[in-house]
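Here's the structure we're looking at; comments come further down.
The values are calculated or read from the model by the stated rules, or taken from the named source; none is laboratory data. Nothing here was measured: the structure is a model prediction, and the numbers come from that model. Positions of Cβ are generated from backbone atoms using ideal geometry, with glycine treated the same way; all protein chains shown enter the neighbour counts. Ligands, DNA and RNA are stripped out before the accessible areas are found, and what is left, the full protein with its side chains, is counted by its heavy atoms. Shrake-Rupley method; radii C 1.70, N 1.55, O 1.52, S 1.80 Å.
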Amino acid sequence: MDCENGTDVAEFVLLGFSFQPEEQPFYFLLFLLMYGAGLLGNVMMVILISLDARLQTPMYFLLRSLSMVDMGFISVTVPQMLAHIISTSKTIPFYSCMAQFFFFYVFGVTDLLMVSVMALDRYVAICNPLHYATVMNQKVCGHLVAGCWIISTLHSMLHAGLLLRLSYRGDNHLAHFFCDHDPLLQLSCSDTSINETAIFFEGGLIILGPFVFIILTYVRIVVAVMRLSSSGRRKAFSTCGSHLTMVVLLYGAIIGVYFQPASSYSAQRGAVFAIMYTVITPMSNPYVYSLRNKDVKGALRHLMGKRVFSQQQQQQ
């Protein structure tokens, strides 16, 4: 990279995945189906929880908020990736790249914080059930969700601002399928030590803080559940099992990508892990939470039954 003689970068080339031409239709269809399944599942969760009176509880309020975040999260990167798979042009303008970076972290960090708030909800429901209605009421949940959005927006503004101060000249080939931290730092001609320090300390606090909170919360939940009867244990573990599964998938992929020195960054490994938390996790969330949830399945049957009844009336 010739930083001294190179011109300022006006656009980046997203190298993405090195699919062979004959493989492109398969991967385009695969990611299109995953994107469609993610949108469909999350939209259905929002509609069901909004329309069914039996789901107007703090737990489902938080689950609906998570689905709304996941719709934005999966839409920040996947449509562009689909376009680049079948297109010969894989460029993205410089400021569009920075905008994608900003919104990716707004939705991504909000997702992480929402998962920790859901852990808090389960903790109160299991460990302090008599005060659940007081502690986790609609107003408190609304404040918690708003706090997640505010923290994630401030976090994203900080890191987007630190990226904008860097110089990009010469090489503009970004070794990723979207504009992410490590590939952008790899291309910069400037000293990135401030960025790396902010990622390690502030980013570590934002990401690992909720993770540690979730772990401690579930330790307390397990202790409380072991005191219940066998039927109570099965119900509690069934309620928490879905949430814990998605926490492990989400945080495992994120820690594998972001908590490593920039010098040891691997584009191939980063892209594979990124698929896990940008596509698979937001696509899977609504199905994992709903397939094991009797209330959600009952609400779906109720909604479908009303629709069939309405159609029969129209035919008559």
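The figures follow:
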| read-out | value |
| --- | --- |
| Unpartnered cysteines - no second Cys beta carbon under 4.7 Å - across the chain | CYS127, CYS141, CYS148, CYS240 |
| Heavy atoms of LYS297: accessible area, 1.4 Å probe, square angstrom to 10 | 80 |
| Total charge dipole magnitude, the stretch 86-196, about the Cα centre, Cβ charges on Lys, Arg, Asp, Glu only, Debye to nearest 20 | 260 |
| The chain: most fluctuating residue of LEU33, LEU120, LEU48 per GNM, C-alpha cutoff 10 Å | LEU33 |
| 5 angstrom amide H check on PHE12, placed H, neighbours 5+ away | ILE92, PHE94 |
| Helix axis angle, 58-86 relative to the chain longest principal axis, alpha carbon, degrees | 30 |
| In Hz, Karplus ³J(HN,Hα) per residue of the stretch 159-166 (6.51, -1.76, 1.60; θ = phi - 60°; x = Gly, Pro) | 6, 5, x, 5, 6, 5, 7, 7 |
| Most mobile of PHE73, PHE201, PHE61 in a GNM of the chain (Cα contacts under 10 Å) | PHE201 |
| Inter-label distance for ASP295 and ALA160, nm, one decimal - labels placed 7 Å from Cα along Cα-to-Cβ | 3.5 |
| Highest-fluctuation residue, GLN20, GLN100, GLN80 considered, GNM on the chain with Cα pairs under 10 Å | GLN20 |
| With all protein chains modelled, accessible area of ASP121 [1.4 Å, Å²] | 0 |
| For the chain, calculated [θ]222 nm from helices alone, where every DSSP H run of n ≥ 4 adds -39500 (n - 2.57) | -24500 deg cm²/dmol |
| Pairs of Lys in the chain closer than 20 Å at Cα, counting only those 8 or more apart or on different chains | 4 |
| FRET efficiency estimate (nearest 0.05) - Cβ-Cβ, HIS173 to VAL248, R0 25 angstrom | 0.15 |
